[in-house]
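Since the structure comes first, as structure tokens, the remarks are kept for the end.
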Amino acid sequence: MTKPYKAAVIGTGSALPEKRLTNKHLESMVETSDEWIIKRTGIKERRILEDDVPLSVLAAEASRKAIADAGLTPMDIDLIIATTITPDYLSPSLACCVQKEIEAKNAAAFDMNAACTGFVYALQVAQGLITSGTYNYILIIAAEALSRVTDFTDRNTCVLFGDGAGAVVLGKAEEGIASVILGAMGESGSVLTIPCCYFSPEDAEKRNEGKKQVIWMDGSEVFTFASKIMCEASLKVLENSGLTVNDISYIFPHQANIRILQNAAKRLDVPMDKVYTNLENTGNISSASIPVCLDEASRKNLLKKGDKIVMVAFGGGLTYGAALLTWSK
Ligand code: COA
């Protein structure tokens, strides 16, 4: 392609585990109720990866679908970026495990961790590598097995999270990613933590006895941050392209809590029918949330060529980001 080109989403795919964990199940595990969970979060059920299945298998399934949707084969992929906070191994990376599973032998591969904002961060990295001419086709696979780092005796967190994988293939097109903004607030990172190779006395204090590598979260701090940043990041990315919320067909937000999405929609003054949601059936699947939604919307034919969409996320770190994309499939 000699004309100026953009990095565009040319294929999408997703995979959710079969096993469902409903609010009713959770009622038998912690002191909670179906009514409380629905009212305060909007979540009814989440998917759980079976203990004997590596995350890379689920990630590979989503990846194969995205590559087929793009009309490519795994051998066409130049780079795999996996976004995850729950890789099967720290080494080899999830990206390398997926490369092996799908036999994408020509691809370089690495993992990125920007927690729930991981997918938006990966879009920015991939866009740079495509528009610079470094690579033609990049697979982003966002995959999470949050059930493996959830304390199922902590009602503050265990009702929120689930497992799943979403993938996109980026290639070149006349229209595509118009703008991405990213941000981080490391100074507030302690409001949402999952220890890995180091475990401090403060980390121990916050968790139930005997629990180490599990999520701890100050829910209300995260809630306040999220409601504000979702709106600010969306406006900023639109402003970069001289657009307003009236120009967009859909917002694909990180699926954390329906009340956060409602707050953000209200601040943005957009009706909820422009805000894509699936958290009722998936819970929060961290960086996989947005690409799973995108794949669902694409397969339901909700998106038309030329539609402008905003993807916006926030998460541990703290991190946040938004991307404006013109749909070109
Ligand atoms: N079932 C029943 N009661 C629960 C509960 C549950 N699963 N989880 C918490 N509660 C209780 C709390 O213990 C608290 O009780 P108390 O008043 O006796 O102390 C009460 O409900 C209210 O707690 P509060 O924190 O004010 O609830 P909330 O309406 O803010 O909802 C969250 C809590 C966690 C659902 C909400 O804060 C949230 O979604 N935060 C953002 C989380 C997020 O997005 N994380 C991911 C970031 S990527």
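Numbers for the structure displayed
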read-out: Single residue of 105, 19 found to be farther than 30 Å from residue 327 by Cα, of a type outside the set (Asp, Glu) and more than 16 Å from the ligand (Cβ to nearest atom); value: 19
read-out: Check on residue 183, at pLDDT 95 or above, among the small types (Gly, Ala, Ser) and within 15 Å of the ligand (Cβ to nearest atom); value: yes
read-out: Filter result (open to solvent by less than 10 Å² (accessible area, probe 1.4 Å), in contact (Cβ under 8 Å) with a residue 60 or more places away in the chain and more than 15 Å from the ligand (Cβ to nearest atom)) within region 294-321; value: 294, 295, 309, 310
read-out: Test: residue 228 is of a type in the set (D, E, K, R), outside the structural domain of residue 42 (by TED's automatic domain parsing), within 15 Å of the ligand (Cβ to nearest atom) and more than 24 Å from residue 15 (Cβ to Cβ); value: yes
read-out: 3 or more residues without any contact (Cβ under 8 Å) to a residue 60 or more places away in the chain and open to solvent by 60 Å² or more (accessible area, probe 1.4 Å): qualifying helices (runs of 4 or more DSSP H) within region 126-241; value: 201-206, 219-240
read-out: Residue list for region 37-61, restricted to those being surrounded by fewer than 24 Cβ atoms within 10 Å (Cβ to Cβ), within 16 Å of the ligand (Cβ to nearest atom) and outside any loop (DSSP other than H, G, I, E, B); value: 37, 38, 39, 40, 41, 45
read-out: Residues of region 246-270 satisfying the condition of being away from the ligand (no atom under 16 Å from the Cβ), out of contact with any Lys or Arg (no Cβ under 8 Å at 6 or more places or on another chain) and open to solvent by less than 70 Å² (accessible area, probe 1.4 Å); value: 268, 270
read-out: Check on residue 270, over 24 Å from residue 145 (Cβ atoms), among the β-branched types (Val, Ile, Thr) and under 15 Å from the mean Cα position of the chain (by Cα); value: no
read-out: Qualifying residues in region 263-278 (those that are of a type in the set (A, V, I, L, M) and part of a helix (DSSP H, G or I)) - the one nearest to residue 292 (Cα to Cα); value: 272
read-out: Residue check for residue 286: open to solvent by 40 Å² or more (accessible area, probe 1.4 Å) and small (Gly, Ala, Ser); value: no
read-out: Members of region 69-98 that are hydrophobic (A, V, I, L, M, F, W, C) and touching a strand residue (DSSP E or B) at 6+ places or on another chain (Cβ under 7 Å); value: 70, 72, 77, 79, 80, 81, 82, 85, 94, 95, 96, 98
read-out: Residue 159 being over 19 Å from residue 68 (Cα atoms) and either within 17 Å of the chain's Cα centre (by Cα) or not β-branched (Val, Ile, Thr) (or both); value: no
read-out: Filtered residues of region 95-125 (kept if of a type in the set (Phe, Trp, Tyr), open to solvent by 10 Å² or more (accessible area, probe 1.4 Å) and in a helix (DSSP H, G or I)); value: 121
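The values are calculated or read from the model by the stated rules, or taken from the named source; none is laboratory data. A quick note: this is a predicted structure, and the numbers were derived from the prediction, not measured. In this analysis, Cβ positions are derived from the backbone assuming ideal geometry, glycine residues included, and neighbour counts consider all displayed protein chains. These accessible areas exclude ligands, DNA and RNA; they are computed on the full protein's heavy atoms, side chains included. Shrake-Rupley method; radii C 1.70, N 1.55, O 1.52, S 1.80 Å.
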